[in-house]
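Asker: One structure, pasted below without further comment.
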Amino acid sequence: MAIKFSGNFEVQKTPEQVYEFLTDPNKFAPLLPEFKGMSVQDPTHFTVKVNVGVSYIKGTADVKMELTQAERPSRAQYKGQGSVAGGNVSLVAGFDLAPNANGTNVAWQGEAQIFGRLTSVAGGLLEPLGKKNVQKLIDGLQAALK
């Protein structure tokens, strides 16, 4: 099951400042909904621990993340893989930064692929829950970048 998401927002920071924030997992990872912890392996690899829960399936997911594109100060993209109770998830999330008169326009897009028993048990709940959590993350990013 694939869930796609995208949008954009403006912040009153320079593209360089936004890029610095988005490429530092210590700054943005705690904004993830249900964030429990993180370990950083090197400048482009880290593992995030988050609580997940859909219906009666609840648990903790360890998602291994990699910064796969780092084009200062215009683009940052992450790829991640993890296992959750009853399934696996694979995701891609990218941010394109463009200067504007007020600061920076941030265009974001991503896709999550969910595999396994989780999709058959919670199928219809996954997309609305995923979109709600992505919106929480984007709201958190906007607030942190003010």
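Derivation of every value follows stated rules applied to the coordinates shown; laboratory data play no part. What you see is a predicted model, and the numbers here were worked out from it, not measured in a lab. Cβ atoms come from the backbone with ideal geometry, glycine included; neighbour counts cover every protein chain shown.
Asker: What do you get for Rg/Rh of the range 1-108 when both radii come from the Cα atoms and Rh is the Kirkwood radius?
Answerer: When Rh is taken as the Kirkwood radius, the ratio is 1.00.
Asker: If you don't mind, there's one more thing I want to ask. Over the range 1-63, what lengths in whole Å, largest first, do the semi-axes of the equivalent ellipsoid take, defined as the square roots of 5 times the eigenvalues of the alpha-carbon gyration tensor?
Answerer: Equivalent ellipsoid of the range 1-63: 25, 17, 10 Å, largest first.
Asker: Given contacts defined as C-alpha pairs under 8 Å and at least six residues apart, what's the relative contact order of the range 2-134, whole-number percent?
Answerer: Relative contact order, the range 2-134: 28 percent.
Asker: Which of the residue pairs LYS13/LYS64; LYS4/LYS136; LYS27/LYS136; LYS49/LYS79; LYS49/LYS136 have a Cα-Cα distance greater than 25 Å in the structure shown?
Answerer: Result: LYS13/LYS64 exceed 25 Å.
Asker: Moving on to the next point. For an R0 of 22 angstrom, estimate the FRET efficiency from the Cβ-Cβ distance between GLN142 and ASN51 and round to the nearest 0.05.
Answerer: Step by step, r from the Cβ atoms, then E = 0.45.
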